[in-house]
Amino acid sequence: IDRFQVDLARQALFNAQSQLLSSENFFETSLDNFKVTLGLPPELDVKVSDPMINRLSLLDPDLETLQRQVASLLLQLRQLREQQNQTGIEPELAASLDTSSQIKAAALQQLAAVRADFEQLEQMLPERREQLARLANRSEVRMANIDPALFSPDQLLKRVDKRQTELESLEHQLGQSFDQLDKLAQSTPQESRQVLNTLITSLSKLSGQLLELSLTQASARLDAINFSPVDLSSEQALAIASNYRRDWKNARANLVDAWRLIYFNANDLQSNLDLVFSGDLGNVGDNPFRFRDTRGRLRVGLEFDAPLTRLAERNVYRQSLIEYQQARRNYYQFRDRVHQGLRSTLRQIRLNEVNFELRRAAVQVAISQVDLTQLRLTEPPKPGETSQFGSTTARDLVQSLSDLLNVQNDFLSVWVNYEVQRLRLEVDLGVMELTPTGQRLENTIPLETYLADLPINSSDLGPRVTEKLECEQIELLHPESTLPDSTPNTENPADLERLPAPLELIPSNGDLTEKLAEPIIKQL
């Protein structure tokens, strides 16, 4: 291979190492900020371990370590082969053969781990097929003209069968490499040069096979990743939130309190007729304890407070009318903001569910690209030609590895965003439960079960939402249907519209005194 491609690969390595150092520095800074936020000293040693994220790791760290061991051993053997004086290489060659035996044992363990990943994939296939079938019927999938093959359960089965076949072929190739290493371990010291060349060739093949094994494992883990989709409409989410959100109940109670204050202040506009009885008893002479009935007085009378001058009370009453209208508008605005937030969250969740499959397909393509470019490194020469790499072999391999890293990051970011939105949905619905110490309890109940026998206030949700819920054949219990037509339910602001208009108690125009005095005169 020409020098330019070697320098190109080396430059890509330097750039990747620089990015790694920058990422580690950013991570340590973020970790210190997180410890300070928790009230911990930044010098405290903390290890971040997140099982939720770890299960999304497509590449096994142990397998990556094994690949680095093989690459390091190959480098030592090639340097040993380039030595001019071949005397004294037997000890180093024997140590290398011992290391290769250890690598074989570790490779067998990794092969068993890959088989376990495929078994887990087989167990997840029914859920994955069901999920793909639901996503294929989404309206946004059809509107975006997305390839139906991405959501086809049959294509998933074909891809898994293909990966199974590749694993079986790879097991056969690894078995041949292991047999070759066993034969080299039984060689004699007189065959050191031939053993060295053969060992380099065998380890080179093993290195490529381990890379293919890691790609096969990544593909199996990729298809095994699954999540529970959220099949909840915005109308259903609003119905759940109206019954489980405590701040919604507080907003409803505040509206009822504002309505009750109207009738409380209206009582001050009515007349009062009081029976008054009072008296006193005096003493005789200087003795303070010498009481006589002749020195006492008794008073009995009636006090009538006519509703003729009620300027202050009228202003208080009208202020309560204004505050009620303000409270009602605030309640409507609260309801609309809740519905807006639910619609936005559900829209983002649905987007992530579709985008998750697109990112999964992108990772599959990137894995295939790395596999193809890796195969070019071991491609045999054409008849009559010497073995020589193409002019773009190194660039294609570097680009494919870079693309694989980028699509893995995108795949992980979509999954993280989906989990964040799912937790936010639990908070917005008011169904998230916490332990006494403030830790979240995992909610294993599907959100649709909260709709069972759910009482719904139709005025809270609005006529369009209620009508759509009824069309979905959800069993609803309307509180107003259980009340007599003449008995409003003051606990529900949905029924406040059916209450007598407070403005009818005191007209806002005309002579106030005359309007109030007329019914009193009739009573007298």
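Taken together, the residues in segment 240-283 that are under 28 Å from residue 341 (Cα atoms) and outside any helix (DSSP H, G or I) amount to 1. Can we say residue 239 is over 19 Å from the mean Cα position of the chain (by Cα), on the phi < 0 side of the Ramachandran plot, open to solvent by less than 50 Å² (accessible area, probe 1.4 Å) and without any contact (Cβ under 8 Å) to a residue 24 or more places away in the chain? Here the answer is no, as residue 239 does not meet what is asked.
For segment 426-452, the set of residues classified as assigned to a loop (DSSP other than H, G, I, E, B), modelled with pLDDT of 85 or more and either within 15 Å of residue 244 (Cβ to Cβ) or in contact with a strand residue (DSSP E or B) (Cβ under 8 Å, 6 or more places away or on another chain) (or both) consists of 430, 431, 432, 433, 441, listed by residue number. In the condition set (1) farther than 21 Å from residue 104 by Cβ; (2) surrounded by fewer than 12 Cβ atoms within 10 Å (Cβ to Cβ), residue 164 is compliant with all but (2). Residue 344 satisfies every condition listed in (1) at pLDDT 90 or above; (2) more than 20 Å from residue 135 (Cα to Cα); (3) hydroxyl-bearing (Ser, Thr, Tyr) except (2). Of note, residue 233 does not satisfy the criterion of being touching a residue at least 24 places away in the same chain (Cβ under 8 Å) and closer than 21 Å to residue 68 by Cβ. Answer yes or no: is there a residue in segment 72-90 that is within 20 Å of residue 215 (Cβ to Cβ) and touching a residue at least 60 places away in the same chain (Cβ under 8 Å). Yes, segment 72-90 contains at least one residue that is within 20 Å of residue 215 (Cβ to Cβ) and touching a residue at least 60 places away in the same chain (Cβ under 8 Å).
In segment 14-37, the qualifying residues are those that are surrounded by 11 or more Cβ atoms within 10 Å (Cβ to Cβ) and more than 25 Å from the chain's Cα centre (by Cα), and the one that is farthest from residue 400 (Cα to Cα) is 19. For segment 328-347, the count of residues that are open to solvent by less than 90 Å² (accessible area, probe 1.4 Å) and closer than 30 Å to residue 149 by Cβ is nonzero. Considering only residues in segment 242-283 that are of a type in the set (A, V, I, L, M) and touching a strand residue (DSSP E or B) at 6+ places or on another chain (Cβ under 8 Å), the one that is most open to solvent (accessible area, probe 1.4 Å) turns out to be 275. Would you check if there is a residue in segment 405-420 being farther than 18 Å from residue 218 by Cα, assigned to a helix (DSSP H, G or I) and open to solvent by less than 40 Å² (accessible area, probe 1.4 Å)? For segment 405-420, residues farther than 18 Å from residue 218 by Cα, assigned to a helix (DSSP H, G or I) and open to solvent by less than 40 Å² (accessible area, probe 1.4 Å): present.
Taken over segment 284-314, residues that are part of a loop (DSSP other than H, G, I, E, B), surrounded by 10 or more Cβ atoms within 10 Å (Cβ to Cβ) and not small (Gly, Ala, Ser) amount to 7. For residue 457, the conditions (1) within 27 Å of residue 366 (Cα to Cα); (2) among the polar types (S, T, N, Q); (3) modelled with pLDDT under 85 are fulfilled apart from (1).
Scanning segment 142-159 for residues that are touching a residue at least 12 places away in the same chain (Cβ under 8 Å), under 19 Å from residue 358 (Cβ atoms), in a helix (DSSP H, G or I) and open to solvent by less than 90 Å² (accessible area, probe 1.4 Å) returns 150, 151, 153, 156, 159.
Residue by residue, here is whether (1) open to solvent by 10 Å² or more (accessible area, probe 1.4 Å); (2) in a helix (DSSP H, G or I); (3) more than 23 Å from residue 377 (Cα to Cα) holds:
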position	(1), (2), (3)
172	yes, yes, no
176	yes, yes, no
179	yes, yes, no
194	yes, yes, no
204	yes, yes, no
210	no, yes, no
219	no, yes, no
226	yes, no, yes
230	yes, no, yes
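Output yes when any residue across segment 108-116 is surrounded by 13 or more Cβ atoms within 10 Å (Cβ to Cβ), among the β-branched types (Val, Ile, Thr), more than 25 Å from residue 366 (Cβ to Cβ) and in contact (Cβ under 8 Å) with a residue 12 or more places away in the chain, and no when none is. No - not one qualifying residue is present in segment 108-116.
Cβ separations smaller than 9 Å between residues 6+ apart or across chains give the following pairs from segment 304-323 residues that are at pLDDT 90 or above to residues that are open to solvent by 90 Å² or more (accessible area, probe 1.4 Å) and polar (S, T, N, Q): 318/508. Each residue in segment 432-453 was checked for being farther than 18 Å from residue 348 by Cβ and in contact (Cβ under 8 Å) with a residue 40 or more places away in the chain, and 4 of them qualify. For segment 284-307, which positions are closer than 30 Å to residue 271 by Cα and of a type in the set (A, V, I, L, M)? 298, 300, 302, 306, listed by residue number.
The rows are residues; the columns are (1) touching a residue at least 40 places away in the same chain (Cβ under 8 Å); (2) under 15 Å from the mean Cα position of the chain (by Cα).
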site: 394; (1), (2): yes, no
site: 405; (1), (2): no, no
site: 418; (1), (2): yes, yes
site: 424; (1), (2): yes, yes
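Has segment 38-56 got at least one residue that is open to solvent by 90 Å² or more (accessible area, probe 1.4 Å), touching a residue at least 40 places away in the same chain (Cβ under 8 Å) and either farther than 27 Å from residue 417 by Cβ or in a loop (DSSP other than H, G, I, E, B) (or both)? Yes, there is a match, as at least one residue in segment 38-56 is open to solvent by 90 Å² or more (accessible area, probe 1.4 Å), touching a residue at least 40 places away in the same chain (Cβ under 8 Å) and either farther than 27 Å from residue 417 by Cβ or in a loop (DSSP other than H, G, I, E, B) (or both).
In segment 180-220, which residues are acidic (Asp, Glu) and closer than 30 Å to residue 55 by Cβ?
212
The values are calculated or read from the model by the stated rules, or taken from the named source; none is laboratory data. This structure is a prediction, so every number in the text was calculated from the model and none was measured. Cβ atoms come from the backbone with ideal geometry, glycine included; neighbour counts cover every protein chain shown. Heavy atoms of the whole protein, side chains included, go into the accessibility calculation; ligands, DNA and RNA do not. Shrake-Rupley method; radii C 1.70, N 1.55, O 1.52, S 1.80 Å.
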